[in-house]
Amino acid sequence: MYLPGHFEQPQPEALHALMRSHPLATVVTLSAGGIDANHVPLLWSAEPDPFGTLRGHVARANPMWNDRAPDVEALAIFQGADGYISPSLYPTKREHGKVVPTWNYAVVHAYGTLRVIEDAAWLRDLLEALVSRHEASSSAPWSMADAPQEYIERMIGSIVGFEIVISRLIGKWKVSQNQPAQNRAGVVDALLRRGDAEAIRMAALVEEASK
């Protein structure tokens, strides 16, 4: 990933927060046929230091788990807030017109060796953790106990788990840091006035990077 220094996000807590809040990752592996990409919700845990571990599962029919180069790291890409930034948001447009459009975004790239896990108990623990995490905000949360046990066991048999102990963790926050203060303020003001959730998230990132 191209990463100019002013766009680098060095704070581990910010990287971890993005992975937790945007858990659907693009998991990139190298297969016999070339680069493969799968979209998988991942669960991040803090151990081991310094970067932690990612855990997920795929369908047993998905070749990702058994058609991969074992000596090549996997890459999990987490996409955070993003959005188009018009030059019209910059006060300097009215001064000299020397502005162009761009796209702001926040991403995390997590690298590590992918290990396949077929143990049914491990898979059940993973599924319970994922369900607990993503049902937490529901007014009527579903649990695995709501389904017949034999059905759950059959479903567990149809998936394969994996984990990636993270060896490298890179964050890129491209959030208007290369613009002068008045342009950053113009971006924040316009995004807040737009008012949708994605705009508000991006406004917060631009404002935080301006401090």
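Nothing in this text is a laboratory measurement; each read-out follows from the coordinates by a stated rule. Please read these numbers as outputs of a predicted model, since none were measured by experiment. So basically every Cβ, Gly included, is an ideal-geometry build from the backbone, and we count neighbours across all protein chains shown.
Please state which of the following conditions residue 87 fails to meet, knowing it meets all the rest: (1) closer than 27 Å to residue 135 by Cβ; (2) touching a Lys or Arg at 6+ places or on another chain (Cβ under 6 Å).
Exception for residue 87: condition (1).
Say we look at region 26-53 and pick out the residues that are aliphatic (A, V, I, L, M) and touching a helix residue (DSSP H, G or I) at 6+ places or on another chain (Cβ under 8 Å); which of these is farthest from residue 74 (Cα to Cα)? Quick ask: steps written out before the conclusion?
As a first pass, look at region 26-53 and keep what is aliphatic (A, V, I, L, M): 27-28, 30, 32, 35, 37, 40, 42-43, 46.
Those still in the list that are touching a helix residue (DSSP H, G or I) at 6+ places or on another chain (Cβ under 8 Å) too: 27, 42-43, 46.
Numbers: 27: 7, 42: 13, 43: 16, 46: 18 Å.
Among residues in region 26-53 that are aliphatic (A, V, I, L, M) and touching a helix residue (DSSP H, G or I) at 6+ places or on another chain (Cβ under 8 Å), the one farthest from residue 74 (Cα to Cα) is 46.
If you go through region 92-115 one residue at a time, how many are surrounded by 11 or more Cβ atoms within 10 Å (Cβ to Cβ) and in contact with an Asp or Glu (Cβ under 9 Å, 6 or more places away or on another chain)?
9
For region 142-165: of the residues being out of contact with any strand residue (DSSP E or B) (no Cβ under 8 Å at 6 or more places or on another chain) and under 30 Å from residue 51 (Cβ atoms), which is surrounded by the most Cβ atoms within 10 Å (Cβ to Cβ)?
Among those that are out of contact with any strand residue (DSSP E or B) (no Cβ under 8 Å at 6 or more places or on another chain) and under 30 Å from residue 51 (Cβ atoms), it is 156.
Taking the options 75, 89, 130, name whichever one is more than 16 Å from the chain's Cα centre (by Cα) and either buried (at least 17 other Cβ atoms within 10 Å of the Cβ) or within 25 Å of residue 11 (Cβ to Cβ) (or both).
Values: 75 fails: more than 16 Å from the chain's Cα centre (by Cα); 130 fails: more than 16 Å from the chain's Cα centre (by Cα).
Result of the check over 75, 89, 130: 89.
Quick check on region 108-131. Is at least one of its residues in contact (Cβ under 8 Å) with a residue 12 or more places away in the chain, part of a strand (DSSP E or B), touching a helix residue (DSSP H, G or I) at 6+ places or on another chain (Cβ under 8 Å) and more than 30 Å from residue 5 (Cα to Cα)?
Yes, the conditions are met somewhere in region 108-131.
What number goes with the only condition from (1) surrounded by 14 or more Cβ atoms within 10 Å (Cβ to Cβ); (2) more than 18 Å from the chain's Cα centre (by Cα); (3) within 19 Å of residue 123 (Cβ to Cβ) that residue 53 does not pass?
So the condition that residue 53 fails would be (2).
Quick check: anything in region 137-145 in contact (Cβ under 8 Å) with a residue 60 or more places away in the chain, in a helix (DSSP H, G or I) and within 26 Å of the chain's Cα centre (by Cα)?
Scanning region 137-145, I find no residue that is in contact (Cβ under 8 Å) with a residue 60 or more places away in the chain, in a helix (DSSP H, G or I) and within 26 Å of the chain's Cα centre (by Cα), so the answer is no.
Consider region 1-48. How many of its residues are loosely packed, with under 13 Cβ neighbours inside 10 Å, closer than 15 Å to residue 133 by Cα and touching a Gly at 6+ places or on another chain (Cβ under 7 Å)?
Adding up the residues that qualify gives 1.
Read through the list (1) closer than 17 Å to residue 170 by Cα; (2) assigned to a strand (DSSP E or B), then give the number of the only condition that residue 58 fails.
Among (1) closer than 17 Å to residue 170 by Cα; (2) assigned to a strand (DSSP E or B), residue 58 violates only (1).
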